[in-house]
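Written below as structure tokens is the structure these notes are about.
Values in this text are rule-based calculations from the coordinates and carry no lab data. Model, not experiment: these values are computed from the prediction. When we count neighbours, we look across all protein chains shown, and the Cβ atoms used for this are built from the backbone with ideal geometry, even at glycine.
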Amino acid sequence: MMPENLCKINKIIVDPGVKDSPLAKRVKSRLPELEWEMVEEGGQVSMDHDRTVLYLKEYKGRFLRFCPGTKHYRCCGYRIIHIGENCPLNCSYCILKAYFKDRTLKVWANQEDLYRELEANFLGNPGRRFRVGTGEFADSLALESITGYSRDLVSFLKEYDNVCLELKSKIVDLSWMKRAGRSDRILPAWSLNAFDVVKTEERGVASLEERLMAARTCAGNGFRVCLHFDPIICYPEWEKGYAKTIEMIFDYVRPEEIAYFSLGSFRGMPELKAFIEKNWPDSDYIYNEFITGLDGKMRLLRPLRVNQFRFIADRLKRGGLERQLYFCMESDEVWQAVLGYTPRDLGGLQNHLLEQAFGEKA
């Protein structure tokens with residue numbers, strides 16, 4: 001059964017080149033009562049809209065791209081399948097609010113162009129393995145009940161043995177599962193956080209219980225799941241909050257059912273702080289001790305990050321996780337201080353996570 005839409009779409013904008021695409025027709029059938037605005041040939045779309053406007057765009061750029069990491073910190077080598085931009089959910093800490101200058105929800109509706117590019121890459125490199133995902137510039141599933149994009153993508157990718165797809169979300173929509181041809185190449189994933197953070201800093205999301213129940217459902221159907229603590233927030237009594245969530249995780253899934261688990265401290269471009277101050281005036285975690293990192297982002301002081309990482313990693317390891325743990329965009333010094341080794345000791349972070357994703361030597 002398809003879940004009720006968590007996002008409130010009030011208007012649809014569509015490029016003329018994709019007005020008759022399968023995706024546009026599906027959106028129209030699921031939102032028949034909404035106003036549709038057709039973009040004139042060569043015309044420009046105003047980006048002054050909020051996240052209640054959905055723009056079905058004929059995308060002209062590259063669909064398969066590298067995660068925008070930086071050479072100063074260890075990047076996991078994740079490849080992005082770029083299906084759209086912006087998110088209908090509303091989390092105070094969301095880096096997309098500073099990364100993009102508008103709030104319009106964009107979905108690339110020219111899926112045939114996407115498929116041709118993916119086929120050229122995946123078939124053109126049969127000896128290479130790809131760990132890909134759609135949750136970098138948008139939530140993988142937040143618009144699924146309207147667009148069915150993940151359903152289409154898992155159906156397309158079932159022919160490719162060398163591709164493992166992660167679907168990362170804060171909502172629950174498992175409608176894609178019936179189209180997944182195999183469970184060993186799809187990694188359903190959920191971002192988690194401390195109860196207090198979910199309650200005060202996340203809006204429009206599924207509860208922690210709902211996310212973990214969905215993870216258990218996926219594991220029961222043969223899928224391995226991925227979980228993420230990113231961003232980890234420093235707030236009063238954070239130890240109690242994260243310990244409670246970790247305890248809950250192991251009530252729902254077993255360690256062997258988790259492919260990997262990322263840890264990332266809150267970080268963002270300087271303008272994100274101003275956005276949070278204006279729109280989330282009660283969010284005081286942004287007034288912690290921050291520095292400007294080598295990537296230009298505001299980062300919690302390293303000793304504070306290490307303290308949080310040690311506390312969380314220790315409890316996850318007690319639950320049976322070890323090789324699944326990794327840091328998102330941290331230095332070798334932090335790896336060594338918390339885990340006692342660096343990505344080089346794992347054979348490189350990208351290779352290590354390929355092994356974890358595929359469940360075998362990559």
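Values as computed for the structure displayed
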quantity: Principal-axis tilt of helix 208-220 within the chain, Cα atoms, nearest 10 degrees; calculated: 80
quantity: Simple label model, 7 Å out from Cα along Cβ direction - ASP345 to GLU58, nm; calculated: 5.4
quantity: Nearest-0.05 FRET efficiency for GLU40 and SER183, computed from C-beta distance (R0 41 Å); calculated: 0.35
quantity: 18 Å reach of a label modelled at GLU210, 7 Å along Cα-to-Cβ, counting backbone N of region 22-44; calculated: none
quantity: Fluctuation leader among ASP230, ASP139, ASP152 - the chain, Gaussian network, Cα springs under 10 angstrom; calculated: ASP152
quantity: Angle between the chain longest axis and helix 349-358 axis [Cα atoms, degrees, rounded to 10]; calculated: 70
quantity: Dipole-positive endmost among GLY359, TYR242, ILE186 within the chain (Cβ charges, Cα centre); calculated: GLY359
quantity: Reachable lysines, given that their alpha-carbon falls under 21 Å from the alpha-carbon of LYS317 and they are not under 8 places away in the same chain; calculated: LYS240, LYS244
quantity: Summed residue charge, Cβ within 10 Å of GLU257's Cβ, Lys/Arg positive, Asp/Glu negative; calculated: +2
quantity: Gained length - ASN90 relative to LEU294, 0.36 nm times residue gap less alpha-carbon distance; calculated: 70.7 nm
quantity: Against the rule of thumb 2.2 N^0.38 Å, how large the Cα Rg of region 57-358 comes out; calculated: 0.95
quantity: Two-site FRET efficiency, ARG310 against THR200, from Cβ-Cβ distance with R₀ of 25 Å, rounded to 0.05; calculated: 0.55
quantity: Residue exposure sequence - TYR242, TYR73 - by fewest surrounding Cβ within 10 Å; calculated: TYR73, TYR242
quantity: Degrees between helix 302-318 axis and first principal axis of the chain (Cα, 0 to 90, nearest 10); calculated: 90
quantity: Region 273-301-region 101-122 distance, computed between alpha-carbon centres (Å); calculated: 32
quantity: Region 305-335 versus region 337-362: alpha-carbon centroid distance in Å; calculated: 13
